[in-house]
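Just passing along the structure, written as structure tokens.
The values are calculated or read from the model by the stated rules, or taken from the named source; none is laboratory data. Note that the structure is predicted; figures quoted are calculated from it, not measured. No Cβ is skipped: glycine too gets one built from the backbone with ideal geometry, and neighbour counts run over all protein chains shown. These area figures cover heavy atoms from the full protein model, side chains too; ligands, DNA and RNA do not enter into them. Shrake-Rupley method; radii C 1.70, N 1.55, O 1.52, S 1.80 Å.
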Amino acid sequence: MRRAIFPGSFDPLTNGHLDIVTRSLPLFDEIIIAVLNNPDKNPMFSVEERCSMIEEIIPSLGGNGCHIVVDRFSGLTAHFAKERKATAIVRGIRAVSDYEYELRMALMNRKLEPTIETVFLMADEEFSYVSSTLMKQVFELGGRVEGLIPPSVEEQMRNKLATR
Ligand code: PNS
């Protein structure tokens, strides 16, 4: 069983994240999309909302023989990966600027759990500038984010802003 976790804040899920999940499907039997429970960071969406938005989108990914699961976690990613018996941590790299931070994180995770490898996947260049932070900023200021986040996520963002 080749099981990987794909950890992140996913506040909210972007098409860049979906691109990485899709690319990881042929490599693993199971992918756990691991949503960090980080209420201290004042996220736009609660961890429950983020998980249910992802769960709603999973059927559209097909799976390609890989089982896709959504789960939430607190604490260290490396410990969560070990607890779930994953052998890999998947992270997406958009541009060289991501690499330094990702390398430090991968090395720290390897120090914590030497048997778990980080697998870097290169996001499509179409998403090289897409981040959850940028999407929230642009959306909140009335900019267009179509094609960069799933339509259902965009709708949830619209609802969220309307109830503020
Ligand atoms: O995609 P993101 O939102 O930048 O994800 C960052 C994430 C959640 C992978 C990272 O912050 C993380 O692993 N946090 C959990 C705490 C932890 O393990 N910290 C040490 C990492 S070396």
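Quick one: GLY142 ticks every box in (1) at negative phi; (2) open to solvent by 40 Å² or more (accessible area, probe 1.4 Å) except a single one, so which number is it?
(1)
I would also like to ask the following. Mind checking which residues of the range 29-74 are acidic (Asp, Glu) and within 16 Å of the ligand (Cβ to nearest atom)?
Kept after step one, since they are acidic (Asp, Glu), are these residues of the range 29-74: 29-30, 40, 48-49, 55-56, 71.
Listed by number, the residues that qualify are ASP40, GLU49, ASP71.
Hey, another quick one. Only residues that are open to solvent by 20 Å² or more (accessible area, probe 1.4 Å) and among the β-branched types (Val, Ile, Thr): list them for the range 85-94, please.
THR87
Any residue at all in the range 97-114 that is within 16 Å of ALA4 (Cα to Cα) and either part of a strand (DSSP E or B) or away from the ligand (no atom under 11 Å from the Cβ) (or both)?
yes
Matching residues to (1) modelled with pLDDT of 95 or more; (2) farther than 15 Å from LEU61 by Cα; (3) of a type outside the set (Ser, Thr, Tyr):
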position: GLY8; (1), (2), (3): yes, yes, yes
position: THR22; (1), (2), (3): yes, no, no
position: PRO26; (1), (2), (3): yes, no, yes
position: ILE32; (1), (2), (3): yes, no, yes
position: VAL47; (1), (2), (3): yes, yes, yes
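Considering only the range 1-84, give the strands (runs of 3 or more DSSP E) lying wholly within it that have at least 1 residues that are within 12 Å of the chain's Cα centre (by Cα) and surrounded by fewer than 16 Cβ atoms within 10 Å (Cβ to Cβ).
67-73
Do the conditions hold for PHE120, that is, is it aromatic (Phe, Trp, Tyr), assigned to a strand (DSSP E or B) and within 13 Å of the ligand (Cβ to nearest atom)?
On the way: aromatic (Phe, Trp, Tyr): yes; assigned to a strand (DSSP E or B): yes; within 13 Å of the ligand (Cβ to nearest atom): yes.
Taking the combined requirement at face value, the residue satisfies it.
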